[in-house]
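Comments concern the structure below.
Every number here is computed from the coordinates shown, using simple stated rules; none is lab data. Given the structure is predicted, the values throughout are model-derived calculations rather than measurements. Neighbour counts are summed over all protein chains in view; Cβ atoms, including those assigned to glycine, are modelled from backbone coordinates with ideal geometry.
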Amino acid sequence: MAETSTKAEYVVGVDLGGTKIYSGIFDNSLEYVGTAKVSTKAQRGTDAVIERIARCVQDAVDESDLSLKQLRGIGVGAPGAVDAEAGSVIFAPNLGWRDKPRHVVGIFVGTGIGGGLVLNGEPYRGANHTGGEIGHMVIDVDGPKCSCGNKGCFEALASRTAIFQQIKTAVKNGQKTLLTEMLGNDLEDLRSGDLRKAIRRGDKFVEKVVEEAAEYTGIAVANLVNLLNPEIVVLGGGVIEALADEMMAIIVEMARDCILSGTSKDVQIIASTLGDNAGITGGAVLAKRLTK
Ligand SMILES: [Zn+2]
């Protein structure tokens, strides 16, 4: 790579989440050189959020001691229907499988549940580029109502929003939990990490709620494995990151129980090692592919 620093040789990955916008600048070999984070403030509307994305990118550029003209592309991973394009490549680069045909399923459990599919080494997008809505697979037809209007979607059962909702409702109905001791009765500042703390301090109620979410996630993994026969399923997002020790073993066990014999028993089911950088890395990979 004999490129000089005056060339536009950097790409930007943006992880547009329901709570925060995170952007990262990556060099040609997809090593990240700088990042920035701002809150999303989705309630201010689309234009305001777009402005905040731009500011976040500018901050990351500044943080990296670069200028905007040194950027050649931006890839944005966003929640909702447009997730398919960016979400599908989020996890690929840390596998070192870039040159091989590969089948990968990514599941990201956060505010909602996002996902992406890489089939034959290519991001799968579907007819209208909205494929890979893993979070809206119906897991329990009698389950709670989902934001999409259906009942019992994976996201309505196992996302952070669903887990928090369940805990808050139970507390309102008199359930005792260490969480209220830690955070007060309204649980306003509840975070995924608090669930881990409560479980480690012996809170059986929180443990049960998280276990159930892990079981639903295991069922979702099994459905995807039975359908797609991937080599690997990667789980990431804030909930998995905060609760990997509590959830991964249950997810894997439940998935293995439900995966059909003979099809994909040797599938790897692992937690993402990219952590918070998964979204921005995916965006950068996308930007790199599109500007080749
Ligand atoms: Zn749904």
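Can you give the FRET efficiency for K172 and R55, using 1/(1 + (r/R0)^6), R0 = 35 Å, r = Cβ-Cβ distance, to the nearest 0.05?
Taking R0 as 35 Å, the efficiency between K172 and R55 is 0.40.
Restricting to the chain, what percent of DSSP beta bridges are antiparallel, rounded to 5?
Given both bridge residues lie in the chain, the antiparallel proportion sits at roughly 60 percent.
Only bridges whose two residues both fall in the stretch 104-260 count here: according to DSSP, what percent of them are antiparallel, nearest 5?
For the stretch 104-260, the DSSP antiparallel bridge percentage is about 65.
Where Rh denotes the Kirkwood radius from the mean inverse Cα pair distance, what is Rg over Rh for the stretch 104-260?
0.99
Under 10 Å, Cα contacts only: if you run a Gaussian network model on the chain, which one of A244, A162, A54 comes out with the highest mean-square fluctuation?
Its mean-square fluctuation being the largest, the pick is A54.
Hey, fewest Cβ within 10 Å first, where do E181, E133 land in order?
Placing the least packed residue first, the sequence is E181, E133.
Can you give me the Kirkwood hydrodynamic radius for the chain, using every pair of distinct Cα atoms, in Å to one decimal?
It works out to 19.8 Å.
Nearest 10 degrees, 0 to 90: what angle lies between the long axis of helix 160-172 and the longest principal axis of the chain (Cα atoms)?
It is inclined by approximately 30 degrees.
What order, most packed first, do the peptides 65-77, 209-221 have when packing is the mean number of other Cβ atoms within 10 Å of each residue?
Order by mean packing, descending: 209-221, 65-77.
Mind checking which of G126, G237, G13 has the largest fluctuation in a GNM of the chain, springs on alpha carbons under 10 Å?
G126
So for L179, L195, fewest C-beta neighbours within 10 Å to most, what's the order?
With the fewest neighbours first, L179, L195 line up as L179, L195.
Above 21 angstrom, tally the Cα pairs of the stretch 1-74 and express them as a % of all pairs, no decimals.
Everything past 21 Å amounts to 26 percent.
Can you sort C258, C146, C56, C153 so the residue with the fewest Cβ neighbours within 10 Å comes first?
Fewest-to-most Cβ neighbours within 10 Å comes out as C258, C146, C56, C153.
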